[in-house]
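The values are calculated or read from the model by the stated rules, or taken from the named source; none is laboratory data. Because the structure is a prediction, the values reported are computed rather than measured. Every residue, glycine among them, receives a Cβ derived from its backbone with ideal geometry; neighbour counts consider all protein chains shown. Ligands, DNA and RNA are excluded from the accessible area calculation, which covers all protein heavy atoms including side chains. Shrake-Rupley method; radii C 1.70, N 1.55, O 1.52, S 1.80 Å.
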Amino acid sequence: MIRDATEHDLPAIRAIYNDAVLNTTAIWNEQPVDLANRQAWFSARQAQQYPILVAVDNDEVTGYASFGDWRPFEGFRYSVEHSVYVRNDQRGKGLGPHLMQALIERARSCGKHVMVAAIESGNLASIRLHERLGFVTTGQMPQVGIKFGRWLDLTFMQLTLNPGAQPPKE
Ligand SMILES: CC(C)(COP(=O)(O)OP(=O)(O)OC[C@H]1O[C@@H](n2cnc3c(N)ncnc32)[C@H](O)[C@@H]1OP(=O)(O)O)[C@@H](O)C(=O)NCCC(=O)NCCS
């Protein structure tokens, strides 16, 4: 089941996030975060009316996905950057695609135009997942990151949510 997250889900979300921080190059932070950090993130998403979706199995959070502003300048207000994380013992079961399909629909209903994914170039599971959802690669940035003692390359992928749409009259 996929639903909107509540504050009660934050400890499980934090555990999934911190596992990715400590053990993967999916996120380029190195320090695990405390619950207050995830609460602040939850409140910020709520204030912007942006979704945090969780996949739930037997009352346990098995993954989550969310988006925020891509860049903090007015001209980028129709673009969002998302993240998707599946608990490490639940990967390869199709949860990531399910979360992403639901998130894409939410971005459309928020009136967004483009979703941006910034993916470590060696993260082939994520790149393939995004390709299957219709994302195309629009940028390659060699060696812009570092983690675990090596340079990391960044691949930008994007999905146009409503191709051909004219800019909204505001
Ligand atoms: C990337 C991610 C979201 C994909 O979600 P998922 O639910 O595993 O997606 P899928 O079930 O479609 O599987 C994706 C691929 O992983 C493979 N896979 C199978 N078992 C796996 C396992 N135990 N661990 C990792 N990947 C596995 C699948 O076969 C599939 O490979 P394919 O692309 O060749 O078909 C998930 O692996 C994840 O959370 N990874 C860590 C965080 C991350 O990278 N997030 C994205 C940041 S941009």
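Annotations for the structure displayed:
- Being among the basic types (Lys, Arg), part of a strand (DSSP E or B) and open to solvent by 60 Å² or more (accessible area, probe 1.4 Å) is a property that residue 14 lacks.
- Taken as a whole, the condition of being in contact (Cβ under 8 Å) with a residue 24 or more places away in the chain, within 25 Å of residue 156 (Cα to Cα), more than 9 Å from the ligand (Cβ to nearest atom) and in a loop (DSSP other than H, G, I, E, B) applies to residue 30.
- Residues that are assigned to a loop (DSSP other than H, G, I, E, B) and aliphatic (A, V, I, L, M) within region 156-165 comprise 161, 165, listed in sequence order.
- When residue 121 is tested against (1) touching a residue at least 40 places away in the same chain (Cβ under 8 Å); (2) farther than 19 Å from residue 68 by Cα, only condition (1) is not met.
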